[in-house]
Amino acid sequence: MAEDFRTLLMETDRLPDGDRWFGDIQIGGWFYFSAQAGPYHESRPQTVLPDPMGYESFEVRLMTVQGVISYGRYGAWLDLRNKPWAALFTTERPTVLFAPDVPVATCQQIYEDLLHYARTNPLP
């Protein structure tokens, strides 16, 4: 099992309106895994907590480092779309997949599946 993804979340921005952003987690040369939580994100609870460990769910976005995730040379989604968690995601743009209110255990599984994919699939 990989380390808990929440231990990798570093706050990068806190806005005057109370919004807060965690930096993306880069996974190899393949992915950016973005887990966000707070008053303007689809998470539970929808408030700013002092520690990411306090959240029950996160708003998640997946992107590839090289651009398009949904098709083409870096289209990892063609391989990942059959994972049990894949149905949670919609395509915001060809470059971004989005899932609201993803439970922590599912976020962890997504993170681990992306780690495995990056370790076992050479970059094109």
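The values are calculated or read from the model by the stated rules, or taken from the named source; none is laboratory data. Since the structure is predicted, the reported quantities are computational estimates derived from the model, not experimental observations. With ideal geometry, Cβ positions are generated from the backbone for all residues, glycine too; neighbour counts draw on all protein chains shown.
Conditions tested, residue by residue: (1) under 24 Å from L123 (Cα atoms); (2) without any contact (Cβ under 8 Å) to a residue 40 or more places away in the chain; (3) within 15 Å of the chain's Cα centre (by Cα).
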residue	(1), (2), (3)
Q36	no, yes, yes
H41	no, yes, yes
D51	no, yes, no
G54	no, yes, no
M63	yes, yes, yes
A99	no, no, yes
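Only strands (runs of 3 or more DSSP E) whose full extent lies in region 1-62 are considered here, and the ones with at least 3 residues that are within 26 Å of P94 (Cα to Cα) are 20-22, 25-27, 31-36. Looking at Q66, is it polar (S, T, N, Q) and either buried (at least 19 other Cβ atoms within 10 Å of the Cβ) or at pLDDT 95 or above (or both)? The answer is no for Q66. Looking across region 103-124 at every residue that is aliphatic (A, V, I, L, M) and closer than 21 Å to V65 by Cβ, the one that is nearest to the chain's Cα centre (by Cα) is identified as I110.
Condition check ((1) hydrophobic (A, V, I, L, M, F, W, C); (2) surrounded by 17 or more Cβ atoms within 10 Å (Cβ to Cβ); (3) at pLDDT 95 or above) across all residues:
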| residue | (1), (2), (3) |
| --- | --- |
| A76 | yes, yes, no |
| P84 | no, no, yes |
| T91 | no, no, no |
| P94 | no, no, no |
| C107 | yes, yes, yes |
| H116 | no, no, yes |
